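Please read the structure below before turning to the comments.
The values are calculated or read from the model by the stated rules, or taken from the named source; none is laboratory data. For clarity, every value in this text was computed on a predicted model and none was experimentally measured. Side chains are part of the model used for accessible areas, which takes the heavy atoms of the whole protein and leaves out ligands, DNA and RNA. Shrake-Rupley method; radii C 1.70, N 1.55, O 1.52, S 1.80 Å.
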Amino acid sequence: MTESPGGSERVPSRDRRRFPGISSRAYEHPADRSALVALRKLSGFDTVFKTLSGLLPERSLRLLFLSDSVRVSDQQFAHLNDMLRDACYILDLEKVPPMYVNQDPQPNAMCIGLDEPIIVLTTGLVELLDEEEMRAVIGHEVGHALSGHAVYRTILLFLTNLALKIAWIPLGNVAVMAIVTALREWFRKSELSADRAGLLVGQDLQASMRGLMKLAGGNHLHEMNVDAFLKQAEEYEAGGDLRDSVLKVLNMLPRSHPFTTVRAAELKKWAASRDYQRIMDGHYPRKDEDKDTSVSDSFRESAAHYAESVRTSKDPLMGLVRDIAGGAGDLGGKLRDTVFRGGSRPGGSGGTGGSGGANGSDGANGSDGPGPAGQ
């Protein structure tokens, strides 16, 4: 931010396009919308949601941040307050949500709240990112607020803690974990939507890429390269055999965020799309049209997205799905070739017998690991 010639009014440090009346539908990832619709149709979810809405200690949560964090304002973290106001102005979010900085060395940010969203940044994140990178992060969180994601994020946090407390009750834990798993699947997709909102606010793709790289590798930009980072995403998607595809799924299940390389690749793809350019040209869905939006149209758009993802994916598992959908004649042979791609088959090079099998010695596990949770 810089001061105007009059010395009092603050204006953005550079001009950015604004999107009056923009609907969150403009940037929401199709998988985000479909997962949220599916989540709401989950058996028993409506009942649980209504019950939790009245039970969650939201007032306690707000008091906790108010008492033990620093509230961003003109007097505290003023530069972050300027970025927050800019982000709300650009995305036309009428009420600026409260934002807090919390002492935590782990780089992270979140948007939570049932009645009204609040944004929380950790000191680890504030110290890690430069101004343009931070604009993208704050835009990311404002995107969550505009999309209404904060409500479900809050419930996810509550249910995750609840599942730990009632783990000793077999059936109770299973019921809660079913909803937690569904919420996590949706939330991973919602992160892709929020990344797009961050780009609309920052309007600097390189800054968004740098921020994701820093979440993955820390503050060592001189040692990192965006193109090489994106190649990791390609290698991750296409590498390995069917066993690796299954391990990818297992690694992802406990996570609340997609992997950073995947997020970077998805965001770059969207930035190069016609959809992004149309928004930047001022052609986008408006909030006053939301009430006329067809749920069936959202499902069709999501189905088309998933079909295209399967068609273009280089992942071995997705290749097998294409073969099944296409009515592959030798399905058994294709499955065998996919599983043992790049390795020896049971029974040696020419035989079909033998007692050997795939050696599942891959050292992957399903935990989140020590990496940052991201924005």
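Could you work out the relative contact order of region 56-158? I mean the mean sequence separation of Cα pairs under 8 Å and 6+ apart, divided by the number of residues, in percent.
Numbers: 139 pairs, mean separation 27.1, N = 103.
It rounds to 26 percent for region 56-158.
Which whole-number value in Å² is the accessible area per residue of region 61-133, probe 1.4 Å?
Details: 3490 Å² over 73 residues.
Roughly 48 Å² per residue, with all protein chains present.
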